[in-house]
1. Starting from the range 121-135, keep only residues that are under 17 Å from residue 167 (Cβ atoms) and at pLDDT below 85, then list their pairs with residues that are aliphatic (A, V, I, L, M) and outside any helix (DSSP H, G or I) whose Cβ atoms are within a distance under 6 Å, requiring at least 6 positions of separation or different chains.
2. Please go through the range 80-126 and give me each residue that is more than 12 Å from the chain's Cα centre (by Cα) and acidic (Asp, Glu), ordered by number.
3. Within the range 83-112, can you find the residues that are over 22 Å from residue 12 (Cα atoms), surrounded by 14 or more Cβ atoms within 10 Å (Cβ to Cβ) and in contact with a helix residue (DSSP H, G or I) (Cβ under 8 Å, 6 or more places away or on another chain)?
4. Under 7 Å by Cβ, and 6 or more places apart or on different chains, what pairs join a residue from the range 68-89 that is within 18 Å of residue 104 (Cα to Cα) and within 16 Å of the ligand (Cβ to nearest atom) with one that is modelled with pLDDT under 95 and of a type in the set (Phe, Trp, Tyr)?
5. Given the structure, is residue 105 closer than 19 Å to residue 2 by Cα, within 16 Å of the ligand (Cβ to nearest atom) and in contact with a strand residue (DSSP E or B) (Cβ under 6 Å, 6 or more places away or on another chain)?
6. Could you figure out which of (1) over 20 Å from residue 45 (Cβ atoms); (2) acidic (Asp, Glu); (3) part of a helix (DSSP H, G or I) isn't true of residue 165?
7. Restricting attention to the range 6-22, which residues are in contact with a Leu (Cβ under 7 Å, 6 or more places away or on another chain) and at pLDDT 95 or above?
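The values are calculated or read from the model by the stated rules, or taken from the named source; none is laboratory data. Fair warning: this is a prediction, and the values are worked out from it, not measured in the lab. Glycine also receives a Cβ, built like all others from the backbone with ideal geometry; neighbour counts cover every protein chain displayed.
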Amino acid sequence: MKFTQLRLAGFKSFVDPTELRIDAGLTGIIGPNGCGKSNLLEALRWVMGATSAKSLRGGGMEDVIFSGTDSRPARNHAEVTLVVDNSDRRAPARFNEHDTLEVVRRITRGKGSGYTINDEDVRAKDVQLLFADAGTGANSPALVRQGQISELINAKPENRRRVLEEAAGVAGLRARRREAQLKLNAAETNLDRLLEIVEDLD
Ligand code: ATP
């Protein structure tokens, strides 16, 4: 699964629709201070399902919307699209007939954010699992924030293990296991209740 294009509109400093082609191999972003390099990485994290304001350097989720400048008014809407080449068919079965996936996240002031994959409404969890299974995602160690290396060196072993799990592409399994465990607990509770009813009937 390869990222081929990133499109932004109204996201942080990228107020006008902006399209970036992502070629094979290593991608570097260069430019003067404050031109929006980190905002681009944040757009990538955001569209992959980032929920933590810390990873997006903002106070609240709406801080990703263009907040205006002296010459331009603020926007009420932000949108990021990540185009993914799925010709290696690594996407979950539900999306796997497509060669190309367009993952879109939109946010509107006061209304929260939502996601689509190829125009189909999906949950945040669907998007997070899609990228986690591909060994990437909003917390991927492939996206290196300023200060992240020293954070990693000082991290507790358990947190460092999570980074390795993300890199190995097994983070999605951990999320699915938690979901399965919750379902199992609910089923056990139902079974206990059923046994009590059966006992009462005897
Ligand atoms: P540096 O090289 O100094 O780390 P950078 O190229 O990574 O800079 P960013 O930190 O990505 O730059 O961009 C900072 C710019 O984005 C600032 O000018 C800031 O005002 C602007 N910015 C951030 N959030 C918003 C927002 N919600 N609306 C408008 N502009 C924003």
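1. 134/1
2. 85, 88, 97, 99, 102, 119, 120, 121
3. So in the range 83-112, the residues over 22 Å from residue 12 (Cα atoms) come out as 84-101.
Okay, now just the ones that are also surrounded by 14 or more Cβ atoms within 10 Å (Cβ to Cβ), so 84-86, 90-91, 95, 98, 101.
Of everything in the range 83-112, those that are over 22 Å from residue 12 (Cα atoms), surrounded by 14 or more Cβ atoms within 10 Å (Cβ to Cβ) and in contact with a helix residue (DSSP H, G or I) (Cβ under 8 Å, 6 or more places away or on another chain) turn out to be 86, 90, 91, 95, 101.
4. Pairs found: 80/46.
5. For residue 105, the condition - closer than 19 Å to residue 2 by Cα, within 16 Å of the ligand (Cβ to nearest atom) and in contact with a strand residue (DSSP E or B) (Cβ under 6 Å, 6 or more places away or on another chain) - is met.
6. Residue 165 satisfies every listed condition except (1).
7. The answer is 6, 14, 18, 20.
This table checks each residue for (1) out of contact with any Ser or Thr (no Cβ under 6 Å at 6 or more places or on another chain); (2) exposed (fewer than 12 other Cβ atoms within 10 Å of the Cβ); (3) over 18 Å from residue 5 (Cα atoms).
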position: 71; (1), (2), (3): yes, yes, yes
position: 81; (1), (2), (3): yes, no, no
position: 114; (1), (2), (3): yes, no, yes
position: 127; (1), (2), (3): yes, no, no
